[in-house]
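Q: Please find one structure pasted underneath; my questions will follow.
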Amino acid sequence: MKKTCIALFAMFCTSSLWAQQDVQFTQFANNKIFYNPGVTGAGDAICLGMAARQQWVGFDNAPSTQNFTANIPWKILHGGLAVNVTNDMIGYFQDMTVGLGYGYQMDLAGGTLGLGLRVDFRNKAVTTGNWAPPQTMNDPSLVAFGSSSMATDLNFGAYYRHTNWYAGLSSTRLLETKDILNATGGSFNAEIRGQRHYYLMGGYDLDLGNGFVLQPAAMIKTDFVTTQFDLNAAAMYNNQIWGGVTYRVQDALAIMAGYQITKDLRASYSYDLTTSTLRNSSSGSHEIMMTYCFTIEIPPKEKGSYRNPIFL
């Protein structure tokens with residue numbers, strides 16, 4: 001296990017790095033705004049979402065991700081605002097991201113097209129910990145524990161929603177900004193360059209009758225170095241209970257379930273069964289999501305009356 005962590009640490013500490021860097025969620029269909037800023041402002045309700053993912057249980061220092069999103073439609077803006085906060089840890093690296101976004105919504109061909117832009121403020125830090133250092137620990141180009149770097153990047157997305165289907169295309173890390181981390185040699189710096197990512201997603205709601213709705217969905221994510229393909233098939237009953245499976249090609253098979261606890265609050269859970277060679281050391285991945293959607297209703301002004309809180 002320590003050898004695995006050392007290998008991961010050494011891989012991240014090269015002078016430059018190009019690899020898939022964005023975090024992943026099995027329940028992508030329940031967290032579209034995380035991947036696509038074009039979702040910002042869609043719908044009539046304010047939606048707050050929280051997600052937690054523990055990946056590859058059994059590995060020391062395996063990826064652990066927490067995410068908070070807020071989608072705030074605002075008619076005066078012809079769209080809405082969004083907040084995205086993500087904490088992602090893998091090995092000895094911690095990535096903290098705070099994103100602020102705006103989406104413009106317009107009617108188009110019987111549906112709604114959203115165009116969104118989000119600004120991300122990212123902090124990458126090398127945390128301290130107990131580990132078995134390699135023999136090359138005295139290499140002055142290795143990243144120093146405790147070093148950190150701030151960077152700003154942009155994300156853009158287009159999202160189209162029709163009566164019973166949706167499609168979206170988005171890209172993250174558009175500026176491909178660099179994280180400059182201090183190395184143990186003092187006069188050296190380790191550079192981690194952001195790599196632009198692209199996401200294509202789509203889904204369909206098929207009414208089967210008797211309260212059942214089939215909801216297939218798919219997403220392709222790539223940085224043109226690594227590509228992943230997620231296929232999802234879920235079914236909902238009576239707009240309250242749903243379940244399904246997701247297959248991530250050459251990586252995992254996941255089972256999912258969810259429940260509409262109240263008209264505003266929804267909870268869902270998924271468990272990934274690792275199908276790659278990591279299955280020999282991993283007992284799978286856990287993921288849980290909570291979504292709370294609500295509306296703020298302002299009562300109409302009453303004619304011929306005057307209210308003053310002093311006299312209430």
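The values are calculated or read from the model by the stated rules, or taken from the named source; none is laboratory data. What you see is a predicted model; the values in this text were computed from it and never measured. Quick reminder, even Gly has a Cβ in these numbers, built from the backbone with ideal geometry, and neighbours come from all protein chains shown.
Q: Where residues in the range 51-63 are part of a strand (DSSP E or B) and buried (at least 17 other Cβ atoms within 10 Å of the Cβ), which of them is farthest from the chain's Cα centre (by Cα)?
A: Arg53
Q: Determine whether Val225 is part of a strand (DSSP E or B) and either in contact (Cβ under 8 Å) with a residue 12 or more places away in the chain or surrounded by fewer than 15 Cβ atoms within 10 Å (Cβ to Cβ) (or both).
A: When the stated conditions are applied, Val225 does not pass them.
Q: On to the next question. Give all pairs with beta carbons closer than 9 Å in which a residue from the range 270-283 that is without any contact (Cβ under 8 Å) to a residue 40 or more places away in the chain meets a residue that is of a type in the set (Lys, Arg) and part of a strand (DSSP E or B); count only pairs at least 6 apart in sequence or on separate chains.
A: These pairs meet every condition: Thr275/Arg248.
Q: Give the residue that is modelled with the lowest pLDDT, with candidates limited to residues of the range 185-217 that are assigned to a loop (DSSP other than H, G, I, E, B) and in contact with a Ser or Thr (Cβ under 8 Å, 6 or more places away or on another chain).
A: Gly185
Q: Could you tell me whether any residue of the range 228-243 is farther than 30 Å from Phe294 by Cβ, among the polar types (S, T, N, Q), part of a strand (DSSP E or B) and modelled with pLDDT under 90?
A: No - not one qualifying residue is present in the range 228-243.
Q: Can you tell me which residue is farthest from Asn232 (Cα to Cα) among those in the range 262-283 that are more than 20 Å from the chain's Cα centre (by Cα) and among the basic types (Lys, Arg)?
A: Here the residue is Lys263.
Q: State whether the residues of the range 66-73 include one that is over 29 Å from His162 (Cα atoms) and surrounded by 15 or more Cβ atoms within 10 Å (Cβ to Cβ).
A: yes
Q: Only residues that are of a type in the set (S, T, N, Q) and under 9 Å from the mean Cα position of the chain (by Cα): list them for the range 18-35, please.
A: Scanning the range 18-35 gives Gln24, Asn31.
Q: Kindly indicate the residue of the range 99-108 that is touching a residue at least 24 places away in the same chain (Cβ under 8 Å) and surrounded by fewer than 18 Cβ atoms within 10 Å (Cβ to Cβ) and also farthest from Ser147 (Cα to Cα) among those meeting that condition.
A: Filtering the range 99-108 for residues that are touching a residue at least 24 places away in the same chain (Cβ under 8 Å) and surrounded by fewer than 18 Cβ atoms within 10 Å (Cβ to Cβ), the one farthest from Ser147 (Cα to Cα) comes out as Leu108.
Q: Against the definition (of a type in the set (Gly, Ala, Ser) and closer than 27 Å to Ala167 by Cβ), how does Ala45 come out, yes or no?
A: When the stated conditions are applied, Ala45 passes them.
Q: Okay, moving on. Considering only residues that are of a type in the set (Asp, Glu) and at pLDDT below 75, which ones fall in the range 267-312?
A: Answer for the range 267-312, where residues must be of a type in the set (Asp, Glu) and at pLDDT below 75: just Glu302.
Q: Picking from Asn232, Asn238, which residue would you name as being surrounded by 20 or more Cβ atoms within 10 Å (Cβ to Cβ), of a type in the set (S, T, N, Q) and touching a residue at least 24 places away in the same chain (Cβ under 8 Å)?
A: One residue alone meets the criteria, Asn232.
Q: Out of the residues in the range 74-92 that are closer than 17 Å to Asp153 by Cβ and surrounded by 19 or more Cβ atoms within 10 Å (Cβ to Cβ), state the one that is modelled with the lowest pLDDT.
A: That would be Asp88.
Q: Filter the range 244-257 down to the residues that are over 18 Å from Tyr204 (Cα atoms), in contact (Cβ under 8 Å) with a residue 24 or more places away in the chain and assigned to a strand (DSSP E or B) and list them by number.
A: Across the range 244-257, the qualifying residues are Arg248, Ala252, Ala254.
Q: Go through the range 248-281 and count every residue that is hydroxyl-bearing (Ser, Thr, Tyr), over 20 Å from Thr291 (Cβ atoms) and crowded, with 17+ Cβ neighbours inside 10 Å.
A: The total comes to 1.
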